[in-house]
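First comes the structure, then the notes that go with it.
The values are calculated or read from the model by the stated rules, or taken from the named source; none is laboratory data. From a predicted model like this one, the values you see are computed outputs, not experimental measurements. Virtual Cβ from ideal backbone geometry, glycine too; neighbours counted across all protein chains shown. Surface areas here come from the heavy atoms of the whole protein model, side chains and all, with no ligands, DNA or RNA. Shrake-Rupley method; radii C 1.70, N 1.55, O 1.52, S 1.80 Å.
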Amino acid sequence: MSAVIALDQVTKRYGHGETLVHALRGVTLNVERGEYVAVMGASGSGKSTLMNILGLLDSPTSGSYLLDGVDAGTLDEDSQSLVRNRRIGFVFQSFNLIPRTTAAANVELPLVYAKIPKAERRRRVALALAQVGLEDRADHQPNQLSGGQQQRVAVARALVTSPSLLLADEPTGNLDSRSTADVLDLLDLLHAAGRTIVLITHEDEVAARAGRLIRLRDGDIVEDTVLKGRFVEGVGA
Ligand code: ADP
Ligand code: MG
């Protein structure tokens, strides 16, 4: 196995003087290829800060981050956005789909940024939509889809570039229980297919689907537990 994520003593501070906040206090963490990691912690514990650093949306104040062995600290902004586009798929609580734009066009967007030729884009979009079970909704716009379907489109968009890492920040936070189950089943399938997933959640039932649980408190990792996941033990599926 090779580490997709290697964080070494990562700190993040915001502000200064009276307003100084230690959002991360020296996080050291390795995530191997194929792991499914849930990150939990109270509001303000540093989850989103961690996610932003993992997603190259923000840089650490100190410490190092290797993504797929590449030191993020050595990349200029252009290389960072290239790596972000190619190697990371994001899923957010609020779906972040472009309104009045079809599911297919939403999923296609990262491939347009990556300058993939049109025929290849079509092929990959169809595959990604099939993977999330929405091949028959390709021409629907977000407002013509349920919340759960919109989030599955967002997952397809996150996957379409075949990223090394899928980052999901409260992906089921805006969904009813039925749609939550659909999205979690989809993440299970992706994990079974070998995807590396880091998921932020505050719900125990959601975290329980992962193979490993990391708990943050006040900017520190205070728990790192292997869960007896179905795919870890291979029983009880
Ligand atoms: P969580 O996602 O676990 O709720 P965050 O990572 O968003 O936590 O925040 C961790 C801490 O850092 C909090 O105290 C928050 O107020 C602070 N923080 C986050 N982003 C900023 C920012 N851009 N400027 C100043 N403080 C911030
Ligand atoms: Mg947050």
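Annotations for the structure displayed:
- Folded to 0 to 90 degrees: helix 118-131 orientation relative to the chain principal axis, Cα: 80
- Sorted largest first, extent of the range 110-237 alpha carbons per principal axis (Å): 47, 35, 29
- Inter-label distance, nm, simple model (7 Å from Cα along the C-beta direction), Glu32/Gln93: 3.3
- Percent breakdown of C-alpha pair distances by 10 Å bin, ordered from the shortest bin, for the range 158-231: 17, 52, 28, 3
- Cα centroids of the range 84-122 and the range 196-218: 26 Å apart.
- Computed from Cα atoms, the angle from the helix 77-87 axis to the main principal axis of the chain rounds to 60 degrees.
- The chain - percent of accessible surface contributed by carbon and sulfur, probe 1.4 Å: 49
- Unit Cα scatterers, Debye sum, the range 85-130: log10 I(q)/I(0) for q = 0.28, 0.29, 0.32 Å⁻¹: -1.21, -1.25, -1.30
- Binning all Cα-Cα separations of the range 11-86 at 5 Å, short to long from zero, yields these whole-percent fractions: 3, 13, 24, 24, 20, 11, 4, 1, 0.
- When its C-alpha radius of gyration is set against 2.2 N^0.38 Å (N residues), the chain gives a value of 1.01.
- Straightening the chain between Glu205 and Ala119 buys 26.9 nm, computed as 0.36 nm per residue apart minus the Cα-Cα spacing.
- Size estimate for the range 146-200 follows the Kirkwood approach: the inverse of mean 1/r over distinct Cα pairs works out to 11.3 Å.
- Note on Ser177 and Asp224: their simple-model spin labels are 3.5 nm apart, each label 7 Å out from Cα toward Cβ.
- Cα long-axis angle, helix 103-113 against the chain (0 to 90 degrees, to the nearest 10): 60
- Averaged over its residues, the range 27-129 has an accessible area of 49 Å² per residue, based on protein heavy atoms and a 1.4 Å probe.
- On the basis of the beta-carbon distance and an R0 of 22 Å, Ser59 and Leu82 show a calculated FRET efficiency of 0.90.
- In order along the range 41-56, phi translates into HN-Hα couplings of x, 5, 4, x, 7, x, 4, 5, 4, 4, 4, 5, 5, 4, x, 6 Hz, rounded to whole numbers, per the Karplus curve 6.51 cos²θ - 1.76 cosθ + 1.60 with θ = phi - 60° and x for Gly and Pro.
- Sum of -39500 (n - 2.57) over DSSP H runs of 4+, divided by residues of the chain (222 nm, nearest 500): -10000 deg cm²/dmol
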